[in-house]
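Structure first, commentary second.
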(Lines give C-alpha, C1' and ligand atoms only; values in the text may rest on other atoms or scores of the structure.)
Protein backbone atom coordinates (compact mmCIF):
# COMPACT_ATOMS: atom_id res chain seq x y z
CA UNK A 1 0.00 0.00 0.00
CA UNK A 2 1.23 3.45 -0.86
CA UNK A 3 1.41 5.01 2.61
CA UNK A 4 2.95 8.15 1.12
CA UNK A 5 -0.18 8.66 -1.00
CA UNK A 6 -2.47 8.12 2.00
CA UNK A 7 -0.36 10.54 4.05
CA UNK A 8 -0.57 13.18 1.33
CA UNK A 9 -4.34 12.70 1.01
CA UNK A 10 -4.69 12.97 4.80
CA UNK A 11 -2.78 16.28 4.86
CA UNK A 12 -4.96 17.59 2.00
CA UNK A 13 -8.22 16.51 3.68
CA UNK A 14 -7.28 17.93 7.09
CA UNK A 15 -6.32 21.26 5.52
CA UNK A 16 -9.69 21.35 3.76
CA UNK A 17 -11.48 20.41 6.99
CA UNK A 18 -10.14 23.55 8.66
CA UNK A 19 -12.47 25.57 6.40
CA UNK A 20 -15.44 23.89 8.08
CA UNK A 21 -18.93 24.18 6.71
CA UNK A 22 -22.58 24.50 7.69
CA UNK A 23 -22.68 22.93 11.16
CA UNK A 24 -26.44 23.46 11.60
CA UNK A 25 -27.26 21.69 8.31
CA UNK A 26 -24.94 18.81 9.20
CA UNK A 27 -26.49 18.40 12.65
CA UNK A 28 -30.02 18.47 11.20
CA UNK A 29 -29.10 15.84 8.59
CA UNK A 30 -27.40 13.59 11.17
CA UNK A 31 -30.36 13.82 13.56
CA UNK A 32 -32.68 12.74 10.71
CA UNK A 33 -30.38 9.81 9.77
CA UNK A 34 -30.28 8.62 13.39
CA UNK A 35 -34.05 8.85 13.97
CA UNK A 36 -34.76 5.32 12.64
CA UNK A 37 -32.17 4.01 15.10
CA UNK A 38 -34.06 5.16 18.22
CA UNK A 39 -33.45 2.83 21.15
CA UNK A 40 -30.18 1.49 19.76
CA UNK A 41 -26.83 2.11 21.42
CA UNK A 42 -25.17 5.02 19.62
CA UNK A 43 -21.43 5.67 19.74
CA UNK A 44 -20.47 9.24 19.04
CA UNK A 45 -17.20 10.99 19.74
CA UNK A 46 -16.06 14.15 21.48
CA UNK A 47 -14.68 16.38 18.71
CA UNK A 48 -11.11 17.58 18.84
CA UNK A 49 -9.30 20.12 16.74
CA UNK A 50 -11.71 21.05 13.93
CA UNK A 51 -13.60 17.74 13.59
CA UNK A 52 -17.25 17.81 12.57
CA UNK A 53 -19.30 18.00 15.77
CA UNK A 54 -21.72 15.12 16.46
CA UNK A 55 -22.80 16.40 19.89
CA UNK A 56 -26.14 17.96 18.83
CA UNK A 57 -27.20 14.65 17.25
CA UNK A 58 -25.90 12.66 20.22
CA UNK A 59 -27.98 14.87 22.54
CA UNK A 60 -31.08 14.35 20.37
CA UNK A 61 -30.67 10.56 20.15
CA UNK A 62 -33.47 8.56 21.76
CA UNK A 63 -31.36 5.81 23.28
CA UNK A 64 -28.10 5.11 25.09
CA UNK A 65 -25.05 7.10 23.99
CA UNK A 66 -21.44 6.09 24.49
CA UNK A 67 -18.03 7.46 23.58
CA UNK A 68 -14.85 5.65 22.51
CA UNK A 69 -11.88 5.03 24.74
CA UNK A 70 -8.48 4.30 23.20
CA UNK A 71 -7.12 1.37 25.28
CA UNK A 72 -3.71 1.36 23.59
CA UNK A 73 -2.00 1.10 20.23
CA UNK A 74 -3.20 -1.55 17.76
CA UNK A 75 -6.28 -2.44 19.85
CA UNK A 76 -9.99 -1.99 19.13
CA UNK A 77 -11.75 0.88 20.85
CA UNK A 78 -13.78 0.34 24.02
CA UNK A 79 -17.04 2.27 24.44
CA UNK A 80 -18.28 3.71 27.74
CA UNK A 81 -21.68 5.18 28.52
CA UNK A 82 -21.70 8.96 28.33
CA UNK A 83 -23.41 10.72 31.24
CA UNK A 84 -21.83 14.16 30.86
CA UNK A 85 -18.58 13.34 32.63
CA UNK A 86 -15.33 13.39 30.65
CA UNK A 87 -11.66 12.90 31.33
CA UNK A 88 -8.64 13.36 29.06
CA UNK A 89 -7.59 10.32 27.07
CA UNK A 90 -4.76 9.31 24.81
CA UNK A 91 -4.12 10.98 21.46
CA UNK A 92 -5.85 14.20 22.59
CA UNK A 93 -9.25 12.54 23.07
CA UNK A 94 -11.80 12.99 25.82
CA UNK A 95 -13.84 10.06 27.11
CA UNK A 96 -16.06 8.94 30.00
CA UNK A 97 -14.29 7.87 33.20
CA UNK A 98 -13.46 4.23 34.01
CA UNK A 99 -16.50 3.84 36.30
CA UNK A 100 -18.86 4.34 33.32
CA UNK A 101 -20.50 1.17 31.99
CA UNK A 102 -19.05 -0.40 28.85
CA UNK A 103 -21.57 -0.64 26.01
CA UNK A 104 -21.59 -2.35 22.60
CA UNK A 105 -22.67 0.22 20.00
CA UNK A 106 -24.99 -0.78 17.17
CA UNK A 107 -24.65 2.56 15.38
CA UNK A 108 -21.41 4.55 15.26
CA UNK A 109 -20.76 8.13 14.23
CA UNK A 110 -17.22 7.88 12.91
CA UNK A 111 -14.76 10.80 12.76
CA UNK A 112 -12.49 11.01 9.74
CA UNK A 113 -9.92 13.03 7.88
CA UNK A 114 -11.33 12.31 4.42
CA UNK A 115 -13.88 10.16 2.58
CA UNK A 116 -14.87 9.15 -0.92
CA UNK A 117 -18.27 8.35 -2.41
CA UNK A 118 -17.55 4.62 -2.35
CA UNK A 119 -17.70 4.73 1.47
CA UNK A 120 -13.96 4.60 2.02
CA UNK A 121 -12.64 6.50 5.02
CA UNK A 122 -9.28 8.06 5.57
CA UNK A 123 -8.63 8.18 9.30
CA UNK A 124 -5.66 9.38 11.25
CA UNK A 125 -3.50 6.34 10.52
CA UNK A 126 -3.86 4.33 13.74
CA UNK A 127 -6.44 1.85 12.45
CA UNK A 128 -8.57 2.10 15.60
CA UNK A 129 -11.93 2.36 13.83
CA UNK A 130 -11.01 -0.30 11.24
CA UNK A 131 -10.17 -2.82 13.98
CA UNK A 132 -13.23 -1.82 15.99
CA UNK A 133 -15.68 -2.01 13.09
CA UNK A 134 -14.31 -5.38 12.01
CA UNK A 135 -14.83 -6.73 15.54
CA UNK A 136 -18.32 -5.22 15.96
CA UNK A 137 -19.51 -6.37 12.53
CA UNK A 138 -18.36 -9.93 13.33
CA UNK A 139 -20.57 -9.80 16.45
CA UNK A 140 -23.74 -8.48 14.77
CA UNK A 141 -25.36 -5.73 12.74
CA UNK A 142 -23.39 -2.50 12.99
CA UNK A 143 -23.97 0.74 11.09
CA UNK A 144 -20.98 3.06 10.57
CA UNK A 145 -21.87 6.66 9.70
CA UNK A 146 -19.00 8.93 8.68
CA UNK A 147 -19.41 12.57 9.70
CA UNK A 148 -17.48 15.20 7.78
CA UNK A 149 -17.66 18.50 6.00
CA UNK A 150 -18.24 18.21 2.26
CA UNK A 151 -14.85 19.85 1.66
CA UNK A 152 -13.21 16.70 3.07
CA UNK A 153 -14.28 14.61 0.08
CA UNK A 154 -11.48 12.94 -1.86
CA UNK A 155 -12.07 11.59 -5.35
CA UNK A 156 -10.73 8.10 -4.52
CA UNK A 157 -9.07 6.71 -1.41
CA UNK A 158 -6.77 3.70 -1.84
CA UNK A 159 -8.05 0.73 0.16
CA UNK A 160 -6.31 -2.03 2.03
CA UNK A 161 -7.91 -5.37 2.97
CA UNK A 162 -8.13 -4.24 6.61
CA UNK A 163 -10.04 -1.03 5.79
CA UNK A 164 -13.66 -1.09 6.94
CA UNK A 165 -16.10 0.83 4.71
CA UNK A 166 -18.66 3.31 5.94
CA UNK A 167 -22.34 2.52 5.46
CA UNK A 168 -23.10 6.18 4.82
CA UNK A 169 -21.51 9.60 5.09
CA UNK A 170 -23.31 12.66 6.44
CA UNK A 171 -21.92 16.02 5.40
CA UNK A 172 -23.15 19.57 5.64
CA UNK A 173 -24.31 19.27 1.99
CA UNK A 174 -25.22 15.62 1.40
CA UNK A 175 -26.22 12.24 2.69
CA UNK A 176 -24.00 9.85 0.75
CA UNK A 177 -25.07 6.22 0.41
CA UNK A 178 -22.25 4.30 -1.22
CA UNK A 179 -23.43 2.51 -4.36
CA UNK A 180 -22.01 -0.84 -3.28
CA UNK A 181 -24.22 -0.92 -0.19
CA UNK A 182 -27.39 0.80 0.94
CA UNK A 183 -28.02 0.16 4.69
CA UNK A 184 -31.48 1.71 4.52
CA UNK A 185 -32.95 -1.07 2.36
Flagged pairs (Cβ under 8 angstrom, 6 or more apart or on separate chains; first in the range 39-63, at positive phi and assigned to a loop (DSSP other than H, G, I, E, B); second surrounded by 14 or more Cβ atoms within 10 Å (Cβ to Cβ) and at pLDDT 95 or above) are 63/37; 63/40; 63/41; 63/42
Flagged in the range 137-157 as over 21 Å from residue 56 (Cα atoms) and either surrounded by 17 or more Cβ atoms within 10 Å (Cβ to Cβ) or touching a strand residue (DSSP E or B) at 6+ places or on another chain (Cβ under 9 Å) (or both), in numbering order, are 137, 142, 153, 154, 157
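Find the residue count for the range 99-129, including only residues that are outside any strand (DSSP E or B) and either within 20 Å of residue 49 (Cβ to Cβ) or modelled with pLDDT under 95 (or both).
Residues meeting the conditions: 10.
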Of the residues in the range 30-44, those that are more than 21 Å from residue 103 (Cα to Cα) and over 15 Å from the mean Cα position of the chain (by Cα) come to 32
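Residue-by-condition table, conditions (1) under 23 Å from residue 132 (Cα atoms); (2) buried (at least 19 other Cβ atoms within 10 Å of the Cβ); (3) touching a residue at least 12 places away in the same chain (Cβ under 8 Å); (4) touching a helix residue (DSSP H, G or I) at 6+ places or on another chain (Cβ under 6 Å):
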position: 25; (1), (2), (3), (4): no, no, yes, no
position: 65; (1), (2), (3), (4): yes, yes, yes, yes
position: 69; (1), (2), (3), (4): yes, yes, yes, no
position: 82; (1), (2), (3), (4): yes, yes, yes, no
position: 86; (1), (2), (3), (4): yes, no, yes, no
position: 94; (1), (2), (3), (4): yes, no, yes, no
position: 104; (1), (2), (3), (4): yes, no, yes, no
position: 108; (1), (2), (3), (4): yes, yes, yes, no
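So is residue 144 in a loop (DSSP other than H, G, I, E, B) and under 28 Å from residue 24 (Cα atoms) or not?
Numbers: in a loop (DSSP other than H, G, I, E, B): no; under 28 Å from residue 24 (Cα atoms): yes.
So residue 144 fails the test.
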Residue 15: passes all of (1) free of Cβ contacts under 8 Å to residues at least 12 places away in the same chain; (2) surrounded by 15 or more Cβ atoms within 10 Å (Cβ to Cβ) but (2)
Farther than 26 Å from residue 138 by Cβ and at pLDDT below 95: is that true of residue 27 in this structure? no
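The values are calculated or read from the model by the stated rules, or taken from the named source; none is laboratory data. Keep in mind it's a predicted model, so treat the numbers as computed, not measured. Ideal geometry is used to build each Cβ from the backbone, glycine not excepted, and the neighbour counts take in all protein chains shown.
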